[in-house]
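Since every read-out is calculated from the coordinates, none of them should be taken as a lab result. Predicted model only: the values in this text are computed from it and were never measured. Note that we place each Cβ from the backbone using ideal geometry, even for glycine, and neighbour counts take in every protein chain shown.
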Amino acid sequence: MADPRFFTRATPMTLTQIAVIAEGKPAPGADGGLVLRDVAPLENAGPGDLSFYENARFAKAFSTTTASACLVKPEDAGMAPEGVALVLCAKPYRAFARVAGAFYPEAPAVGVRGPGAVIDPAAVVDASADIGPCAVIGAGAEIGPGCRIEGQAVIGSGVVIGAETVVGAGASLSHCLIGARVRIYPGARIGQDGFGFASGPEGHLKIPQLGRVLIEDDVEIGANTTIDRGSGPDTIIRRGCIIDNQVQIGHNVEIGEGCVIIAQCGVAGSSKLGDHVVVAGQAGISGHLRIGAGARIAAQAGVMRDIKRGEEVCGAPAIPIRQFWRQQVKLSKLAEGKG
Amino acid sequence: MADPRFFTRATPMTLTQIAVIAEGKPAPGADGGLVLRDVAPLENAGPGDLSFYENARFAKAFSTTTASACLVKPEDAGMAPEGVALVLCAKPYRAFARVAGAFYPEAPAVGVRGPGAVIDPAAVVDASADIGPCAVIGAGAEIGPGCRIEGQAVIGSGVVIGAETVVGAGASLSHCLIGARVRIYPGARIGQDGFGFASGPEGHLKIPQLGRVLIEDDVEIGANTTIDRGSGPDTIIRRGCIIDNQVQIGHNVEIGEGCVIIAQCGVAGSSKLGDHVVVAGQAGISGHLRIGAGARIAAQAGVMRDIKRGEEVCGAPAIPIRQFWRQQVKLSKLAEGKG
Amino acid sequence: MADPRFFTRATPMTLTQIAVIAEGKPAPGADGGLVLRDVAPLENAGPGDLSFYENARFAKAFSTTTASACLVKPEDAGMAPEGVALVLCAKPYRAFARVAGAFYPEAPAVGVRGPGAVIDPAAVVDASADIGPCAVIGAGAEIGPGCRIEGQAVIGSGVVIGAETVVGAGASLSHCLIGARVRIYPGARIGQDGFGFASGPEGHLKIPQLGRVLIEDDVEIGANTTIDRGSGPDTIIRRGCIIDNQVQIGHNVEIGEGCVIIAQCGVAGSSKLGDHVVVAGQAGISGHLRIGAGARIAAQAGVMRDIKRGEEVCGAPAIPIRQFWRQQVKLSKLAEGKG
């Protein structure tokens, strides 16, 4: 079970209760009254535990699991070892996410005002929001119901935060409007000036950055990620995006709905990503580009041109992935004298 | 106009006033008494707005702009649509930066001491400097006139900060001397120990890091950027450098005047960059190298050898840029059977 | 000498005292009573200074040094200029690290409770530990003897920290158990949720992250580095690892003993590194890989497959280093028409 120092487990649930949460149904013959106490991956699960099976890679672990119950697709039910109670569901992994969340629910905000928190009299903080120790809420900021602002976070003047959003320890926000159910991890920096200068022999003259950062609902922003505000237009992260740690988003960038941006990527100023783009770790996207919806950018790729809808690219400079691998194979053969 | 939640606009100005700020002059026939209320890019500007035109890429937007007035080079004045009042200046973009700054001036420091700020009795903080909520100023630290130290920033013992420098929310400084008009963005880490160890089978033994970080005047240090202090010599960032977010500068590095270091670059220990070097995003420079003045390092380049003055390099390992592209073209042809 | 604003030098020591600290012995004829006041590198050392010589690269500096005394291997003693008192030791650089530490000892923790610090009544903080200004210690957290928690650091509920560990300014820890003599630099983020989602057309559904981060003794974690907690298993950093700034460690990763991870590297989820692996700057390791003990990953490498014990790889995708260089040479020749 999860370390009780850090996680509080809910009371046990019956298979029937779990089936409801999982949006599935107990398999024929399964005992709906069976009591489950915890969740665990297949290989670690034991009596009293619920697990799940979806990916064929874990078929062996499934066939030998000692879990008491398992979430499984109807078509895989036959693979289960005898004695494992099954809950049938279309998407066992998603179902498991919901059940795990029910066993280890996050504590809801209850209106705590931490010691040392500095809330400007002109801020509007919902009574139900938690404000952590030494957090700072600036003048005119609005913090919605159920928000949790952790210790040492700094919410700048005028920043608006929607309901049930979490801002992690030591993060800082300014010049931004944040939606509901957004999670901003510790140390993220949102809304500082973009990197805009008029450069010349006399030096680099800063261009006032007069835009904002807009973050829509249900977005995740990883730890120590930085998102600069727009120069005049806004920097926009659309709903449902998940952005990992140490990502850099330049000014005026737009990230479409549901995009996935893995750790340590950078998106330079004014580039626009369509919906559901996936950018793997440490990739870079130059400025002023258009990345079509559903495009996939490989890890460490260096994108220097527009990418079409659904295109998959790799390498630096990034090229279509099949072309990339043909080049790698060719070069390898040539270097070994087989070209 | 810029969101008034975050930006305070100055009162309207006449074309004559703007010409003074722009260091330009109204075009023959322009009405010096014309009142301008705001700045905007060409495509968004409307009546009452001032815009600028410099880059031919925006020629079309210029020719159809509905801005009331525009900063423009004398030789481009003829391209302006009728009815747009012109201010002629040699460098319209720089001029626009100054005018935008006049319309949206930063609030000057006025000697605020934020609630929860912890200022050591042995620190010397100029009466005019603003110290944000919960900021910490250590013993012996000196904060110059007009500085703004934002909330949660930590200024270590003995750190000296020149006039009108800004330290962003949650940044931390130690073992460093900082010049005037420096801007340090949120979460930057300056002056921690460099990464120096005597390694062997017995383990990694830390070498005391006995140097400092010296940052000269008019430097920008991006959000979550890290600059380690020297091991004995100092780490030095010379005047006028602009360093973007999430850059890593190792111990004993020297960055020459006016360099531009884009986001997520890394410069390893003891490397020295000459003046006006440009390092594009995600590039890396190995340790103990010399990069000549005016050199240009492409995005994601991996520099493993000294680079000559003015040289332009690309790739990992970094090679002269023309050679890099010849190799890319050759490999592409070979892989397609056309080599 | 080191800037007295930042460093406090101990009283002078005799050559005999230094020999004890260095675990060496004065060379025949050296004056054990010679008084040394400071340490310095060979080229800067003058009268009263102790330096060291180990690497042949500095042979010239050694032969002309004006240091009063020098740590040196017995076999190099003959190269010393006349008048330099020698201390013979097997590993002069390690010895120098110890002596430098004796001249500039870190101030021990003395039980300071900084102004504005927020210590939960249910936390257990050893009386000898220093807690900096505005630091936050959560309920159930345990801080061992001699620890130094710097200003603005946030130690989450239940976090356990062993003896003499240092947590830098503004760092945040949650869901983790930390060993003794660990050094965590400013802005590091340890223990936040890993990046785990069940993705589908309905969006990205967060998987509760129910593991921890375990950091063993004598580990260094660089500034603004991020280490996510496990999803169920733990993320583990074994003893003696040194991790530089801005490194990203994903959930469920295991890093073996004594590994060296240079700045801006990323290790994706569930990868396991054996002992004494060296990963150079900006390299990336994909998820679910095994990297054998003693492997060496070059700077900016992109590792996409398992790496054998002791293997040295380079490039993206990473390949054996000799193969990498053969390919580079071949491509260069072909592009120049000499292939």
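Here are the numbers:
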| read-out | value |
| --- | --- |
| Simple label model, 7 Å out from Cα along Cβ direction - B:Arg37 to A:Val110, nm | 5.1 |
| Three principal axis lengths of chain B [C-alpha, angstrom, descending] | 79, 73, 29 |
| Three principal axis lengths of region C:65-220 [C-alpha, angstrom, descending] | 76, 44, 21 |
| Per-copy distances of the C:Met1 label point, shortest first, in nm (7 angstrom along Cα→Cβ) | 6.0, 6.0 |
| Burial order of peptide ranges A:257-267, C:123-133, A:195-205 (average beta-carbon count within 10 Å, highest first) | A:257-267, C:123-133, A:195-205 |
| Full-stretch length increase - C:Arg57, C:Ala293 - with 0.36 nm per residue and alpha-carbon distance subtracted | 82.0 nm |
| Calculated P(r) tail over 16 Å for region B:198-285, as whole % of Cα pairs | 51 |
| Distance cut-off 16 Å, percentage of C-alpha pairs in region B:22-117 lying past it | 54 |
| Virtual spin-label span in nm between B:Met1 and B:Ala90, 7 Å along Cα→Cβ | 3.4 |
| Mean-position separation - Cα centroids, region B:175-226 and region C:233-253, in angstrom | 22 |
| Isotropically averaged projected area of region B:171-323, using the convex hull of Cα atoms (one quarter of hull area), nm² | 8.5 |
| Span-like helix ranges in chain C, DSSP H, alpha carbon extent 18 angstrom or more, Kyte mean at least -1.0 | C:321-335 |
| Rounded to 5, the percent of DSSP beta bridges in region C:13-103 classed as antiparallel | 30 |
| Relative counts (whole %) of C-alpha pair distances in the protein assembly as shown, using bins that are 10 Å wide | 2, 11, 19, 24, 21, 13, 8, 2, 0, 0 |
| Along principal axes, Cα extents of region C:109-170, largest first, whole Å | 22, 21, 17 |
| Fewest-first sequence of C:Val112, C:Val182, B:Val167, C:Val166 by Cβ atoms within 10 Å of each Cβ | C:Val112, C:Val166, C:Val182, B:Val167 |
| Lysine pairs meeting the criterion (Cα under 25 Å, 8 or more apart or interchain), as found in chain B | 9 |
| Span from the region C:1-61 Cα centroid across to the region C:120-155 one, whole angstrom | 37 |
| DSSP beta bridge pairing in chain A, given as percent antiparallel to the nearest 5 | 15 |
| Debye-sum result for region A:14-74 in log10 I(q)/I(0), which assumes one identical scatterer on each alpha carbon, at q = 0.13, 0.15, 0.22, 0.23 Å⁻¹ | -0.30, -0.40, -0.86, -0.94 |
